[in-house]
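Just below is one structure, and these are the notes that go with it.
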Amino acid sequence: HSIRATGSAALNMCCVAKGAVDVYWEVGCWEWDVAAAIVIVTEAGGIVVSGANDRNECVDVLGRKYLAIRPDAKDRQLQIAHEMWDLIPEIECLRTVHSQQQHQ
């Protein structure tokens, strides 16, 4: 019952792949920060789904919102995803620096 973060989305996702962390939710990272880690989590038997509360079981690599879930039975992983989606607030993640500056 704790929150841990290493400061690196890729390392945090690798901790999920290893089973040291049950769930990792990230908003705002770029695809190059997490692409390799998504492969590692998936190859280890974990899943990475949308980190938005849209209940999308397919991760949108360009979406900047990621939810990684440790290796387990697929139905249990999806149950965890649905529980997390109930808690996740709607957070806007813009794709361009110019757009971000306009909203500040």
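Using the 1.4 Å probe convention, the accessible area of the chain works out to 60 Å² per residue with neighbouring protein chains retained. Sites count as exposed loop sites when they are GluC sites (Glu not before Pro), lie in a DSSP loop, and have at most 16 other Cβ atoms within 10 angstrom; the longest stretch of the chain without one is 1-56.
Rounded to the nearest 10 degrees, the angle from helix 74-87 to the longest Cα principal axis of the chain is 40 degrees. For the chain, the equivalent ellipsoid derived from the Cα gyration tensor has semi-axes of 23, 15, 12 Å, listed largest first. Between the listed residues Ile38, Met84, Val59, the Cα displaced farthest toward the positive end of the dipole of the chain, a dipole computed from Cβ unit charges relative to the Cα centre, is found at Ile38. Computed extension gain for Glu43 through Met84, at 0.36 nm per residue and net of the alpha carbon distance, reaches 12.6 nm.
In the stretch 18-98, the portion of solvent-accessible area held by carbon and sulfur atoms comes to 57 percent [1.4 Å probe, whole percent, DNA, RNA and ligands not counted]. For the stretch 20-104, the list of chymotrypsin sites (Phe, Trp or Tyr not before Pro) that fall in a loop by DSSP and count at most 13 other C-beta atoms within 10 angstrom reads Trp30.
Computed about the Cα centre, the dipole magnitude for the stretch 9-73 is approximately 100 debye when only Lys and Arg (+1) and Asp and Glu (-1) carry charge, each at its Cβ.
Within the chain, the longest run free of exposed loop sites, counting trypsin sites (Lys or Arg not before Pro) that sit outside DSSP helix and strand states (H, G, I, E, B) and have at most 15 other Cβ atoms within 10 Å, spans 5-54.
The values are calculated or read from the model by the stated rules, or taken from the named source; none is laboratory data. No experiment lies behind these values; they were computed from the predicted model shown. Cβ: placed from backbone, ideal geometry, glycine included. Neighbour counts: every protein chain shown. To get the accessible areas, we keep the full protein, side chains included, count just its heavy atoms, and leave off ligands, DNA and RNA. Shrake-Rupley method; radii C 1.70, N 1.55, O 1.52, S 1.80 Å.
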